[in-house]
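The values are calculated or read from the model by the stated rules, or taken from the named source; none is laboratory data. Keep in mind the model is a prediction, meaning the values are calculated, not measured. Note that each Cβ is placed from the backbone with ideal geometry, even for glycine, and that neighbours are counted across all protein chains shown. Accessible surface areas use protein heavy atoms only, side chains included; no ligands, DNA or RNA. Shrake-Rupley method; radii C 1.70, N 1.55, O 1.52, S 1.80 Å.
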Amino acid sequence: MEDLFGHRISYLRVSITDRCNERCEYCMPQTDLDWLPKSEVLSYEEILRVVRVGAGLGISNIRVTGGEPLTRRDVVWFFEQLSRIPGLRDLGLSTNGTLLARPLPDGRTTARALRDAGASNVNVSLDTLDRAVYAKTTGRDLLPDAIAGIEAAREAGFGRIKLNTVLMRHRNEHELWDLAAFAQERGLLLRFIELMPVSTSEVLTEDNFLSVGEAKRILEFRLGKLLPRPDIRTNGPASYYEVAATGQILGFIGAMTNLHFCETCNKLRLTCEGKLRPCLGSHLEFDLRAVLRDPAMDDADLARFFREVVASKPEKHDFRENYQPRRRMVAIGG
Ligand code: SAM
Ligand code: SF4
């Protein structure tokens, strides 16, 4: 599938829940949390049908996300089913990591069970190594669990583990070196992400915004020169740099300041209530659940719907235009 601007769509980010065991300031509203009723959330069977149809149209990468995906029951079973769908090359998970070390009744960690079920890579969010800062940022004192989860993922033998750090002035700007060292000691790929206006939170102010350009300068102050590595690409929009002195690779995701950010976009998003979104930074969304639950509609109708959504994909997101201090935005989910 290709959109009007030549973006070839091969990546579907699937949110399986709006629930979470944390309350990150920049992601969740701090009050008025109304979880969706179960009937409004797509069942695993419905999601698997969507992925099967998508795979038939050239979707080869799936990333399971949320909310916190590991809070949904039977997630290991879901991964087993996903991994049986022909055409999928990459089956990833985005998580806050806090539940990865949790043991299952058979004694395996959740991380090991997911690996055995066919998950190929995992992204763990980690904004800080300071327990008090972690508790303040996520609303939960779970840093030890997140670190244990990262260790469980390493022990489970995931080939590629990425750490994602949201950049926040006054919060973690003085920790960027420590996070880089933490990643390097463990062989993890660390990426720094600019704060995006995707939630209703008061934390999304220009005052708290730290650009990837500034993060690079802060890192260079202690680590020395960072050299661009345009030859390194992952599935997303990250730009990679090499620390000249050590060879460590660091990623930067500059949705707000990188003007070329959308050029290589290959992504669609499925929200947990079945809305297909062609772009994170646009309010456009299409109700796939209505098609899924209409007995008169078959997989050919779903495929047609997919193509229509791809055809509506905007050339670029409109975060920059919308990024006004304290402006409230609707929550989208990951
Ligand atoms: N709960 C999982 C996690 O935290 O990784 C998966 C879902 S979470 C919504 C996916 C990613 O979105 C996380 O890496 C999180 O840091 C990032 N995120 C959430 N709100 C953000 C914001 N306002 N700006 C930038 N990144 C954000
Ligand atoms: Fe939960 Fe992830 Fe959002 Fe934090 S970023 S509140 S862990 S969904």
Practice task
Give the stretch 99-126 a look and list any residue that's part of a helix (DSSP H, G or I) and small (G, A, S), or say none.
Solution key: A111, A113
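Rundown of residues vs (1) under 18 Å from the mean Cα position of the chain (by Cα); (2) closer than 23 Å to M196 by Cβ; (3) within 15 Å of ligand 1 (Cβ to nearest atom), yes/no style:
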residue: L93; (1), (2), (3): yes, yes, yes
residue: A101; (1), (2), (3): no, no, no
residue: V124; (1), (2), (3): yes, yes, yes
residue: A132; (1), (2), (3): no, no, no
residue: G149; (1), (2), (3): yes, no, yes
residue: A153; (1), (2), (3): yes, no, yes
residue: M168; (1), (2), (3): yes, yes, yes
residue: W177; (1), (2), (3): no, no, no
Completion exercise
Within the stretch 2-33, residues being in contact with a helix residue (DSSP H, G or I) (Cβ under 7 Å, 6 or more places away or on another chain), away from ligand 2 (no atom under 14 Å from the Cβ), under 29 Å from E45 (Cβ atoms) and part of a loop (DSSP other than H, G, I, E, B) number 2
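Would you check which residues across the stretch 148-163 are surrounded by fewer than 20 Cβ atoms within 10 Å (Cβ to Cβ) and at pLDDT 95 or above and list them?
Within the stretch 148-163, the first condition is being surrounded by fewer than 20 Cβ atoms within 10 Å (Cβ to Cβ), and the residues that meet it are 148, 151, 154-155, 157, 159-160.
A148, E151, R154, E155, listed by residue number.
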Completion exercise
If we take the stretch 207-316, then strands (runs of 3 or more DSSP E) inside it with 3 or more residues that are open to solvent by less than 50 Å² (accessible area, probe 1.4 Å) and over 24 Å from L188 (Cβ atoms) are 267-270, 275-277
Handout entry: Among (1) hydroxyl-bearing (S, T, Y); (2) open to solvent by less than 60 Å² (accessible area, probe 1.4 Å); (3) over 17 Å from C265 (Cβ atoms), the one test that T65 misses
Key = (3)
Practice task
For L114, state whether it is closer than 20 Å to L167 by Cα and more than 16 Å from ligand 2 (Cβ to nearest atom).
Solution key: no
Exercise for the section: Of all residues in the stretch 40-98, count the ones that are part of a helix (DSSP H, G or I) and within 25 Å of F305 (Cα to Cα). Expected result: 19
Exercise for the section: Given the conditions (1) open to solvent by less than 40 Å² (accessible area, probe 1.4 Å); (2) closer than 17 Å to S94 by Cα, report the number of the one that R23 does not fulfil. Expected result: (1)
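Would you tally the residues in the stretch 127-144 being assigned to a helix (DSSP H, G or I), surrounded by 20 or more Cβ atoms within 10 Å (Cβ to Cβ) and not aliphatic (A, V, I, L, M)?
Matching residues across the stretch 127-144 total 3.
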Exercise for the section: Scan the stretch 29-51 for residues that are touching a residue at least 60 places away in the same chain (Cβ under 8 Å) and open to solvent by 10 Å² or more (accessible area, probe 1.4 Å) and jot them down. Expected result: P29, Q30, L36, E40, V41, E46, R49
